[in-house]
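For reference, the structure discussed in these notes is given below.
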Amino acid sequence: MSRSFSEELALEWSGDHGASYVGELSDDWSFRSPSGGLLSALGVAAMREELRRLGRGEQAPLSCTATFCSVVPSGPVRVEVTPLRVGNAVSQLRARVFAAESDELGLEVSASFGVPRSGPEFCAVRFPEVRELEASPAGSGGVPFAPGVVPRFFQRFEARRAAGNDLWAKDWSAGEAHHARWVRFLDEPRGADGKLELLSLVALADTMPPSVVQYLGPGFEPFIAPSLDLTVHLVRSTTRQWLLCSARARVAFRGYASAEIEIWDDERNLLAFGTQVMLFRKPPKTLP
């Protein structure tokens with residue numbers, strides 16, 4: 001039976017390495033290994049647990065930045081948390097994620113947390129130009145160069161293509177570096193208030209490479225694009241089911257690419273946005 005997103009983030013406190021937490025990752029939220037977005041969310045989840053332990057559980061994550069250093073395989077994991085500053089209203093922490101029996105750093109995540117405050121409220125960015133949910137064709141979570149192959153990560157969603165093409169098809173042309181999909185969790189990670197687990201947006205943010213392929217057009221040389229980093233700003237959660245993930249590539253250079261993503265709900269509320277740098281590699285001989 002597949003594990004839910006909430007189960008993947010389950011952690012227990014351990015005093016072996018100071019403020020340390022242990023958990024276990026399955027392959028259910030993997031591309032070829034557990035996704036960088038999931039690992040980033042795990043690091044933030046450990047920081048959130050540490051704030052609760054320190055009596056600051058009312059502070060919610062506002063932003064996070066992950067730097068990916070090595071692959072963290074499925075199996076037992078260890079997360080070491082360092083509070084940088086713990087305040088009454090705002091706190092900053094850092095987490096380091098390792099395979100449980102390894103001292104090789106998998107990734108480091110820093111995050112800011114805060115309580116709700118009073119101030120101006122506005123959204124100065126426009127909802128992207130995409131197909132409405134009802135008009136979007138099903139199936140947009142596949143591997144770009146392999147029709148019918150869907151990584152386990154995207155098997156956790158119902159997906160509909162909102163902008164761009166089926167990237168493995170032959171009957172389309174290169175164009176704007178924009179690819180968007182509507183997604184709905186099949187096993188939704190929600191709290192008692194009915195709102196989506198905020199950290200699930202961090203996992204969804206790590207899905208930008210199709211925007212690069214959309215710009216290159218059919219006949220591109222197949223590649224995979226591991227993330228070097230991932231920054232996500234978390235604006236709000238939602239009670240809605242359908243989310244729009246709209247990714248745009250800004251530039252490709254010297255074997256790398258830079259992209260950005262916005263995540264909206266189907267009532268056009270901006271939930272989160274992120275950026276990352278990815279690198280280009282030849283695909284493995286065996287697909288996910």
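A compact table of results
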read-out: Volume per residue that the Cα convex hull of the stretch 149-191 spans, once the total is divided by residue count, Å³; value: 93
read-out: Order by protection proxy (mean Cβ within 10 Å, highest first), peptides 194-202, 47-55; value: 194-202, 47-55
read-out: 10 Å beta-carbon shell around Q214, net charge (K/R +1, D/E -1); value: 0
read-out: Proximal lysines to K170, defined as alpha-carbon separation beneath 23 angstrom and excluding residues fewer than eight positions away on the same chain; value: K282, K285
read-out: Extended-chain gain in nm, criterion 0.36 nm per residue less alpha-carbon gap, F220 and S2; value: 75.1 nm
read-out: Segment A138-L186, length gained on full extension (0.36 nm per residue, minus Cα span); value: 15.8 nm
read-out: In degrees, nearest ten, helix 36-53 long axis to first principal axis of the chain (Cα); value: 20
read-out: Extension gain (nm, one decimal) between E12 and R131, 0.36 nm per residue minus Cα-Cα; value: 38.6 nm
read-out: Counted charge near D166, where neighbours are those whose Cβ lies closer than 15 Å (Asp, Glu -1; Lys, Arg +1); value: +4
read-out: Mean residue ellipticity (222 nm) of the chain, computed from DSSP H runs ≥ 4 via -39,500 (n - 2.57), nearest 500; value: -3500 deg cm²/dmol
read-out: Mean accessible surface per residue for the chain, computed with a 1.4 Å probe while every protein chain stays in place, in Å²; value: 48
read-out: Percent accessible area from carbon and sulfur atoms, the stretch 168-209, protein chains only, probe 1.4 Å; value: 48
read-out: Formal net charge of residues neighbouring L243 (Cβ-Cβ distance under 15 Å; K, R +1; D, E -1); value: +1
read-out: Cα-projected label distance for D166 with S70, points at 7 Å along beta-carbon direction, nm; value: 4.1
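The values are calculated or read from the model by the stated rules, or taken from the named source; none is laboratory data. Keep in mind that this is a model prediction, so the values were computed, not measured. We place every Cβ from the backbone using ideal geometry, glycine too, and count neighbours over all the protein chains shown. In case anyone asks, the SASA skips ligands and DNA or RNA and just uses the protein heavy atoms, side chains included. Shrake-Rupley method; radii C 1.70, N 1.55, O 1.52, S 1.80 Å.
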